[in-house]
Ligand code: CP
């Protein structure tokens, strides 16, 4: 793999290789006082974020540092982007400065693909850390890692993705990856929060959360992305929470083994009740923990695996 831009098109073997590497890294580092591997010594990783982030930016930085890479963080606020520099010029500048990998988050769908095109001659890898409403592939990989840990396998499992699917790059990446790994996906959302092309996706669709919960192995709650809702007929916060919020009563409808996921940041009391977010069924903290190992695994497969094979 040269880049990780999307889970759509990712081969099952590629996805499984990343997840297996993440498992190995987690086992290797567990309980260690010094969490440092020499794998990426001398490599430079740059995070380039045009949108806010806590989990993704921090876990990529930790992942790079635990693998001994030099990690540099660039955000649109503190860089020459604020003076009007274009994304292309910014990318070429980072490559010329020595970036082996640029990890980009951007509000425009397709930004990571454009970056990979511009950097094609530079030998720089690109990782999509979330582009508009398009994809967030490392989030889906860490979700899959968490589900594998809790459920053993994804093949044949039924996963509900609930809420604001329309604006969710997390949902899109999960639909493709879960499908690739053999799981069945049901999207549960009000009609106005589903994308126009939903019938082309490998999913079933439901508007009735209560009817779906007893038959799923996991439920992935999505954040309601008010910042991307410009016009349109969206339910009010109260209507949304009543129909699609995962509350204590709904938690009781789930099978005993079912897992609750949320990519964060959570709007407690809106899409998920506090008591559910903190319940034993919730794997939300594990998702964050696994995010570091999964991002280490992605960096390994992009920057180190080929070198190791050719040595
Ligand atoms: N899940 C996720 O992408 O979180 P951040 O926006 O905090 O990175």
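Coordinate-derived values only; no laboratory data. Computed from a prediction, not measured in an experiment: that's the story for all the values here. Reconstructed Cβ throughout: ideal geometry from the backbone, glycine too, with neighbour counts over all protein chains shown.
Annotations
- Each of 27, 83 was scored by other Cβ atoms within 10 Å of its Cβ. Listed from fewest to most, they are 83, 27.
- Each Cα pair under 8 Å and six or more residues apart adds its separation to the average, and for the chain the resulting relative contact order is 21 percent.
- For the peptides 182-190, 218-226, 146-154, the ranking by mean Cβ contacts within 10 Å, running from highest to lowest, is 218-226, 182-190, 146-154.
- Global size of region 1-91 as Cα Rg and Dmax, reported in angstrom: 15.8, 46
- Measuring spread by the Cα atoms of region 83-166 yields a radius of gyration and Dmax of 16.5, 51 Å.
- Taking every DSSP bridge with both residues inside the chain, close to 5 percent are antiparallel.
- Each helix, a run of at least 4 DSSP H residues, gives -39500 (n - 2.57); summed and divided by the residues of the chain, these come to -11500 deg cm²/dmol at 222 nm.
- Kirkwood hydrodynamic radius of the chain, from inverse mean 1/r over distinct Cα pairs, in Å: 19.9 Å
- Sorting the segments 273-280, 69-76 by their residues' average number of neighbouring beta-carbon atoms within 10 angstrom, most packed first, yields 69-76, 273-280.
- In terms of other Cβ atoms within 10 Å, 288, 18 run from fewest to most in the order 288, 18.
- Estimated inter-spin distance, residue 204 and residue 62, nm [label 7 Å along Cα→Cβ]: 3.7 nm
- Prolate/oblate/rounded call for region 117-262, Cα gyration tensor, a/c under 1.5 rounded: oblate
- When you restrict to C-alpha pairs under 8 Å that are six or more residues apart and normalise by the size of region 137-283, the relative contact order lands at 25 percent.
- Within region 87-207, percent of DSSP bridges classed antiparallel, to nearest 5: 5 percent
- Taking 0.36 nm per residue of separation and subtracting the Cα-Cα distance, full extension of the segment from residue 286 to residue 196 would add 29.1 nm.
- Crossing angle, helix 137-151 versus the chain [Cα axis fit, 0-90 degrees, rounded to tens]: 60 degrees
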